[in-house]
Amino acid sequence: MFIANWKMEKTFEQSIEWIKKFKFELEDTLNKTNSEIVICPSFDAIQKISKILNKTSIKIGAQNCASEELGAYTGEVSALSLKEIGCHYCIVGHSERRVYFKETNKIINKKIKILLKNLITPIICIGETEKEKLNNKTFSILEEQLNFALELPQDLTNNEIIIAYEPVWAIGTGKNPTKTDLDQIINWIIKFIDNNYSKIKYSILYGGSINEKNIEKFKKIDYLKGFLIGSASLDFQILKKIVLLFYNN
Ligand code: PGA
């Protein structure tokens, strides 16, 4: 599974043009490799892209949603609206939202609940900063983020959630964890969730500076269901290369 997080890198027109130009080739690549892709454009482009991709296997996700269901929240976009315009997925708790928009673990938990209620799969981003890594706090940070994120009422644990491990120091920096470190962290996350939140159905992705030059390094990581890709997903040819390289074509 590949999630393309376009952030605010493309305008409405650029997003539509990309989709129109590449949708058939993208679908062909997915069919050849038996993979799934979720495109996460900015809010404004979601509805139109969803119409263009209707009848294809390419899915749409949002990059954020409101932490309240509906009401007087100027400038916010509800999960209910996202559902109505064709979103199947929504990224929550991306580090750029945590840092620039002061999103707390508590707010992220509210968003996750609203998304699950509206049958949108949350893609929950967790990960430590460089300073936290250097201070050996990676696991305590992940534990705190997961504890907040996964505190869910029982009736919301039937649907799958996605956990994206995205070390903050790897996002947009060209740096990646070593295979050994990533292996260890993914295994730790699995054990932690299985021991503490055994009812939750989840899969795990990695994100942070994934590109066509390093994707092969991540091939042999057990239990990794896929990748959250930022800048390398903006260029169709690079995205296609990543998908094909991953499957050895
Ligand atoms: P990047 O972004 O691939 O550009 O590092 C990943 C992300 O922010 O999700």
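Computed quantities for the displayed model
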{"read-out": "TYR73 versus THR11: modelled label distance in nm, points set 7 Å from Cα along the beta carbon direction", "value": "3.0"}
{"read-out": "Under-5 Å amide H pairs with ILE161, H placed in peptide plane, nonlocal only", "value": "LYS201, TYR202, SER203"}
{"read-out": "Dipole magnitude (debye, nearest 20) for the stretch 1-122, charges at Cβ of Lys, Arg, Asp, Glu", "value": "240"}
{"read-out": "Taking the stretch 106-149 and dividing mean pair separation by its residue count, relative contact order in percent (alpha carbons under 8 Å, at least six apart)", "value": "46"}
{"read-out": "Karplus (6.51, -1.76, 1.60) ³J(HN,Hα), θ = phi - 60°, over the stretch 238-245, in Hz, Gly and Pro reported as x", "value": "5, 4, 4, 4, 4, 4, 5, 4"}
{"read-out": "Sites matching chymotrypsin sites (Phe, Trp or Tyr not before Pro) across the stretch 1-57 that sit in DSSP coil, with at most 16 neighbouring C-beta atoms within 10 Å", "value": "none"}
{"read-out": "Taking N as its residue count, the alpha carbon Rg of the chain over 2.2 N^0.38 Å", "value": "0.96"}
{"read-out": "Charge dipole (the chain, unit charges on Cβ, about Cα centre) - positive-most of TYR247, CYS90, ILE162", "value": "TYR247"}
{"read-out": "Neighbourhood charge, 14 Å Cβ-Cβ cut-off, centred on ASN159 and excluding it, Lys, Arg +1 and Asp, Glu -1", "value": "+3"}
{"read-out": "Point-charge dipole on Cβ atoms (K/R +1, D/E -1) for the stretch 110-212, about Cα centre, debye to 20", "value": "240"}
{"read-out": "At 1.567 mPa s and 4 °C, Stokes D of the stretch 169-249 from Kirkwood alpha-carbon radius, µm² per second", "value": "95"}
{"read-out": "5 angstrom amide H check on GLY127, placed H, neighbours 5+ away", "value": "GLU166"}
{"read-out": "Most to least packed among 163-172, 201-210 [average Cβ atoms within 10 Å]", "value": "163-172, 201-210"}
{"read-out": "Estimated vicinal HN-Hα couplings, Hz - the stretch 15-31 in sequence order (Karplus 6.51, -1.76, 1.60; Gly, Pro = x)", "value": "5, 5, 4, 4, 5, 4, 5, 10, 4, 6, 5, 5, 5, 4, 4, 5, 5"}
{"read-out": "Computed E for ASN158/LYS213 - FRET, C-beta separation, R0 41 angstrom, nearest 0.05", "value": "0.55"}
{"read-out": "Distance in nm between pseudo-label sites at THR180 and GLN237 (7 Å out along the Cβ direction from Cα)", "value": "3.7"}
{"read-out": "The chain, relative contact order in percent, only Cα pairs under 8 angstrom and at least six apart counted", "value": "19"}
{"read-out": "Interchain or long-range residues, amide H under 5 Å from THR121's placed H", "value": "TYR89, CYS90"}
{"read-out": "Simple label model, 7 Å out from Cα along Cβ direction - VAL99 to ASP222, nm", "value": "3.3"}
{"read-out": "In order through the stretch 128-139: 3J(HN,Hα) via Karplus (6.51 cos²θ - 1.76 cosθ + 1.60), integer Hz, x for Gly, Pro", "value": "9, 7, 4, 5, 5, 4, 5, 8, 6, 9, 3, 6"}
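None of the figures in this text is laboratory data; all of them are computed from the coordinates on show. This is a predicted model, so every value here is computed, not measured. Neighbour counts run over all protein chains shown; Cβ positions are idealised from the backbone, glycine included.
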